[in-house]
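The values are calculated or read from the model by the stated rules, or taken from the named source; none is laboratory data. Keep in mind that this is a model prediction, so the values were computed, not measured. With ideal geometry, Cβ positions are generated from the backbone for all residues, glycine too; neighbour counts draw on all protein chains shown. Accessible surface areas use protein heavy atoms only, side chains included; no ligands, DNA or RNA. Shrake-Rupley method; radii C 1.70, N 1.55, O 1.52, S 1.80 Å.
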Amino acid sequence: ESESYDIPFVYDGDKLADLSVTVRKSTSENEKGKFRLSLTLEEGSINAEFRLTGDRISGFFKADYREAADRLKTADKELKTIFENENIKIGEISYHLGANGLQIKNFDDIYKDGVKTSEVYKCVKAVAAHVLKVMSVRTI
């Protein structure tokens, strides 16, 4: 089971963009706490997939153009600080350049405690805001 949100918007005056977010709401231990974010800009697409387990977050970004991948990687410390300020521990966060087609891998994790939906959405908001800021997308 999942919930999806699709938010089209105009940025920089006349450019069109689309932000899609999918949060998986499963009772399965392998599916709890997973979310996917996709930002489609005129320049290309940026995708992110993360998993919150307990109080630890892991995931990756994948951009289909170099400038986006480089900008996200350069801002890595900023994203980690956002999570640390929310008392969320950082697992592995990786950055990739390439075509779309993401799939969250089943991370081997030792966490078996429950994941709160509110915490997952807090992480979704942090990642979405971070990507928009790093890519200098300002809505009107």
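Things to note:
- Candidate values [x] 25, 16, 14; [y] 26, 20, 15; [z] 31, 19, 11, label of the one derived for semi-axes √(5λ) of the Cα gyration tensor in Å: [x]
- In the stretch 1-59, a dipole from Cβ-located charges (positive for Lys and Arg, negative for Asp and Glu) runs towards its positive end, and of 7, 37, 53 it is 53 whose Cα lies farthest in that direction.
- Averaging the sequence gap over all C-alpha pairs within less than 8 Å and six or more residues apart, then dividing by the number of residues, gives the chain a relative contact order of 24 percent.
- Cross-link reach is defined here as a Cα-Cα straight distance under 24 Å, omitting same-chain residues fewer than 8 places apart; for residue 62 the lysines meeting it are 15, 25, 32, 34, 73, 77, 80, 89, 105, 122, 125, 133.
- Estimated FRET transfer efficiency (residue 18, residue 43; beta-carbon r; R0 22 Å; 0.05): 0.95
- Probe 1.4 Å, accessible area per residue of the stretch 25-73, Å²: 38 Å²
- Of all accessible heavy-atom area on the chain, the percent that carbon and sulfur account for (1.4 Å): 49 percent
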